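See below for the structure under consideration.
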Amino acid sequence: MLAALLLFCAAAAHAGSIEPKAAALTPGEDGYTLSAEFVVDLGSRLEDAVARGVPLYFNLEFILERGRKYWVNEHIVTRGLGYRLAYSSLTRQFRLSTGNLHRNFASLGEALRALSRIAALPVAAKDALKDGETYEAAVRLSLDRSQLPKPFQVDAITDKGLQVDAGILRWRFTAPLEAK
Amino acid sequence: MRIALAVAAALGAILLYLLASASANTALFAQNYPWLLAINGIAAAALLVLVALQLRQLRRDFRAGVFGSRLKSRLLLMLSLMAVLPGALVYAVSMQFAVSSIDSWFDVRVDAALEGGLNLGRSVLDSQQADLLAKARGAALDLGDATLLGPTRLNRIREQAGAQGAVLLTLGGQVLASSSAELGNLMPVIPAPSLLRQARASRGIAQTAFADGGGLLVRALVPVAGNGLNADPRILLLSKEVPPSIVDSAQSVESAHRDYQELQLGRKGLKQIYTLTLTLALLLALFAAIGLAFLLAERLARPLLILAEGTRAVAAGDFTPRATVEASDELGVLTHSFNSMTQQLGDARAQAEHHRAETEAAQAYLESVLANLSAGVLAFDLRFRLRAANRGALAILGDDLAGFEQQRLEDWPRHEALAGAILEGFAKRGAEWQEQLELARADGTAQALLVRGTALPAGGGGGYVVVFDDITQLIAAQRSAAWGEVARRLAHEIKNPLTPIQLSAERLQLKLADQLSGPSRDLLDRATQTIVNQVEAMKNMVNDFRDYARTPLPQLAPVELAALLDDVLELYHRSPAAIAVERAPTSALPPVLADANQLRQVLHNVLTNAQDALTEAAVPKISISLARDAGRLRLTVRDNGPGFPPQILSRAFEPYVTTKAKGTGLGLAIVKKIVDDHGGQIRLANDGGGEVSIWLPLAVAPAQGSGPQGGSEAERDAA
């Protein structure tokens, strides 16, 4: 009953989206690194919220599995990375944090661009993947709604303007034969 | 249903507590808040379904008119109202309070103050930046002149500017020289190349950055002019820590501002949280209350239903004890006392029933006594309207008295003589009287009634009772008995002198016949002959009287009446009257139970009577018929003579009642006596002549007995 009521009240603001554009696994010296690119569109309401100082949390998830016949896929690697995007109104800078690493940006666009480009993120050790084997990889960057302030969480149930659709990019990856 | 309700209510309460806790911003539930909301909603829906099911059941009962459903509905309505009204009130007030208090948080002045505080912090940082930038520019000019740059020089510049760090960089970000106030921190933070280029293009920029320790850092980047044209452009970077007190204040203002903004953005959501929580609380409480109201209504209504059912049962006459409510309150006492009351009622009614049955039995007994009374009883009310007549009365009067209840006694259409006698008796002779009446029956025969009238006492409602007996037979029997006695005495007294008279007369003739001659002797002969004849006749008469008085009891045996009749008729061959015998039906008639000799006498008497009646008839004719009539045998002797004179008809069976000049009048009297002794019946009628009908019982008793049938026969014959 209430949910129906709220549905009627839902704002017509358009939902944001994070779509993966490209992703690749690169074998390096220490292991495999992930590089990916996303198109991040937060939507007007979330951008407004960020500009007013509400911190947003993003999760980058990467899963690598090996396909098996007649059986569920073998899980190889899961790599998660949390981002925090916040605006400091005192210094008028956007701050993107990953763990202890902070980056400051003068504008939201720069910060989002930095967020949407992931380069050389180590995801798997060298010996985790067998040479020549084909794996299935999936990557997704999503807004962590559970870390939104509570009022936003309730709002987000019905308000499209506070939702961000996250697309998943899947691709098949074949580990290269190491030249010995 | 009850258990489900309780479980749902308890679950709802727990969930509501969790929801309230979560709403109060407990970190533990913050993430699961939407789930909590959903589960609460489901609990509310479950309660709603339960309540709806119960309501539907109640409604069905109500429609079907199930006893007690109305009371339950009313109780439920009242209890629900008691729950709903305060609940709705509290809900409305809370909603108003919560929503308006949320709105009251957002004040323009607070907004402005926070904005102002933020601007203050920014301007402090700006002034620090400007200060550092100015100093950096001065130092850059200073540096630009110098060709050689040693650490001491940079140190001096740093100290002059009051900065914590000074770095000289190339445009590519290469450190040319560095100076730091802290010995441990030799490696300075290198700005991005874009920033360096920007600094060169704009003759120096200043910015605030976050220090590693969490504090704030003001940095100024200024291009340093080179000596030569081909000299590489360089950038001087001065960095200075903002004093911690300023940083703390500024950051607290910033975080307050951020929280405020967050709240403002989440205002709608916050209102929704409060609304949802309150509404869910209301719904859960309401549904639980209504569910509880169901239970309470049922509990409250149960004793009342028991009582109501009990009263209904009592009204229907069922006094068996009802179930009681085992409660120590007034309702329990009430059901107990109701039960004892019904028990008393039941006892009282059983007693009354018993009394009534007794009275009814007594009344029925009286009625049957009255009905089987041979005497006729007529009861009248105070205005002489017939109230009751027993069977005896109807039989004696030969009338069913239909419709007589509506008429007063003086208006009776029949039995006027009796009515008149009753009225006269009560009018003239008081409350108790007795009178003998001679009435004429419908068929003209006389009927003697002994009528006794009694006025009922006024205490019993008053009225009159008339009791009468048909004493016609009684009188006839009395006469007959009297005559029998007289005959016996006469016979005795007369017969004694007759023999000497006869003997004397014969002796006179014997002695005197020889002495006399001629006419004297003829006279003697005639006279003595006359005496002897008359004495003989007298003897016969006396013998008749004796026979009549002394008729012995009949020796009953089966007799073929037809054969007997043939036998008797042999003697009447020379009779001047033609005697025809009809036997209908022609089939063999059963034997009758009779004394053959006496029956012979009867036949002789009846036939002689008929013969005597025909002495003056032109074509004398006697017809005899035999027939079976309702379990008896009927013998009818009919002649075509003058018939019985009316004045004789009623008394023909009395001795010495005769139409014949010479008859003794004993013939029919003897016939009557014999027939009566046989348990038969005799009736006289005029049907184109005299008609005598005699009914005699059969030797073999018929399967079904029946009452006297002579009446109807006589009536038909009389008509």
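Things to note:
- The conditions of being away from chain B (no Cβ under 14 Å) and surrounded by fewer than 20 Cβ atoms within 10 Å (Cβ to Cβ) are met by A:LEU108.
- When we screen A:LEU81, A:LEU148, A:LEU108, A:LEU101 for residues that are over 12 Å from the mean Cα position of the chain (by Cα) and modelled with pLDDT of 85 or more, the only hit is A:LEU108.
- Matching residues in segment A:141-156 - criterion: being in contact with a Pro (Cβ under 8 Å, 6 or more places away or on another chain) and over 28 Å from A:GLU37 (Cα atoms): A:VAL154
- Condition check for A:ARG117: over 26 Å from B:GLY117 (Cβ atoms) and in contact (Cβ under 8 Å) with a residue 40 or more places away in the chain: yes
- Any hit, segment B:427-444, residues being farther than 17 Å from B:VAL465 by Cβ, in contact with a Phe, Trp or Tyr (Cβ under 8 Å, 6 or more places away or on another chain) and either surrounded by fewer than 18 Cβ atoms within 10 Å (Cβ to Cβ) or at pLDDT 85 or above (or both): no
- Selection status of B:GLU298, in the same structural domain as B:ALA9 (by TED's automatic domain parsing), on the phi < 0 side of the Ramachandran plot and not hydroxyl-bearing (Ser, Thr, Tyr): yes
- Any hit, segment A:112-133, residues being within 14 Å of chain B (Cβ to nearest Cβ), at pLDDT 85 or above and closer than 21 Å to A:LEU42 by Cα: yes
- Single unsatisfied condition, B:ILE396 versus (1) at pLDDT 80 or above; (2) exposed (fewer than 13 other Cβ atoms within 10 Å of the Cβ): (2)
- Qualifying residue in segment B:247-256 (condition: more than 14 Å from chain A (Cβ to nearest Cβ), free of Cβ contacts under 8 Å to residues at least 24 places away in the same chain and farther than 30 Å from B:LEU171 by Cβ): no
- The single condition from (1) within 13 Å of chain A (Cβ to nearest Cβ); (2) modelled with pLDDT under 85 that B:LEU48 fails is (2).
- When restricted to residues that are touching a strand residue (DSSP E or B) at 6+ places or on another chain (Cβ under 7 Å) and either without any contact (Cβ under 8 Å) to a residue 40 or more places away in the chain or facing another protein chain (nearest Cβ under 8 Å) (or both), segment A:86-102 contains 10.
- Unique match (being more than 14 Å from every other protein chain (Cβ to nearest Cβ), surrounded by 18 or more Cβ atoms within 10 Å (Cβ to Cβ) and over 15 Å from A:GLY43 (Cα atoms)) among A:VAL139, A:VAL154, A:VAL164: A:VAL139
- A count restricted to segment B:99-114 and to residues that are touching a Phe, Trp or Tyr at 6+ places or on another chain (Cβ under 8 Å) and surrounded by fewer than 12 Cβ atoms within 10 Å (Cβ to Cβ) stands at 0.
- Every test in (1) farther than 30 Å from B:VAL93 by Cα; (2) more than 14 Å from chain A (Cβ to nearest Cβ); (3) assigned to a helix (DSSP H, G or I) is passed by B:ASP318 save one, and that test is (3).
Yes or no, residue by residue, for (1) modelled with pLDDT under 80; (2) within 18 Å of B:PRO223 (Cα to Cα); (3) of a type outside the set (Asp, Glu); (4) under 60 Å from the mean Cα position of the chain (by Cα):
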| position | (1), (2), (3), (4) |
| --- | --- |
| B:ASP107 | yes, no, no, no |
| B:VAL110 | no, no, yes, no |
| B:ALA113 | no, no, yes, no |
| B:GLY116 | no, no, yes, no |
| B:LEU125 | no, no, yes, no |
| B:LYS135 | no, yes, yes, no |
| B:LEU143 | yes, yes, yes, no |
| B:LEU168 | no, yes, yes, no |
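- Checklist (1) within 12 Å of another protein chain (Cβ to nearest Cβ); (2) under 55 Å from the mean Cα position of the chain (by Cα) applied to B:TYR274, failing item: (2)
- Segment B:96-122 residues that are within 14 Å of chain A (Cβ to nearest Cβ) and at negative phi, paired with ones that are in a loop (DSSP other than H, G, I, E, B) and hydrophobic (A, V, I, L, M, F, W, C) (beta carbon under 8 Å, 6 or more apart): B:LEU118/A:LEU90; B:GLY121/A:LEU90; B:ARG122/A:LEU90
- In segment A:92-109, the residues that are under 17 Å from A:ALA49 (Cα atoms) and in a loop (DSSP other than H, G, I, E, B): A:ARG92, A:ALA106, A:SER107
- Residue match in segment B:285-301 (condition: surrounded by 15 or more Cβ atoms within 10 Å (Cβ to Cβ), within 14 Å of chain A (Cβ to nearest Cβ) and within 30 Å of B:LEU47 (Cα to Cα)): yes
- Residues of segment A:35-84 that are assigned to a strand (DSSP E or B), within 14 Å of another protein chain (Cβ to nearest Cβ) and out of contact with any Pro (no Cβ under 9 Å at 6 or more places or on another chain): A:LEU56, A:TYR57, A:ASN59.
- Residue list for segment B:430-473, restricted to those being among the basic types (Lys, Arg) and within 18 Å of B:ASN390 (Cβ to Cβ): B:ARG452
- Output for segment B:604-658, where each listed residue is farther than 21 Å from B:GLY680 by Cα and among the charged types (D, E, K, R): B:ASP612, B:GLU616, B:LYS621, B:ASP639
- Count of segment B:463-473 residues which are touching a residue at least 24 places away in the same chain (Cβ under 8 Å) and either among the aromatic types (Phe, Trp, Tyr) or assigned to a helix (DSSP H, G or I) (or both): 3
The values are calculated or read from the model by the stated rules, or taken from the named source; none is laboratory data. All figures in this text were calculated on a predicted structure; none of them were measured in a lab. For neighbour counting, all protein chains shown are included, and Cβ atoms are generated from backbone atoms with ideal geometry for every residue, glycine included.
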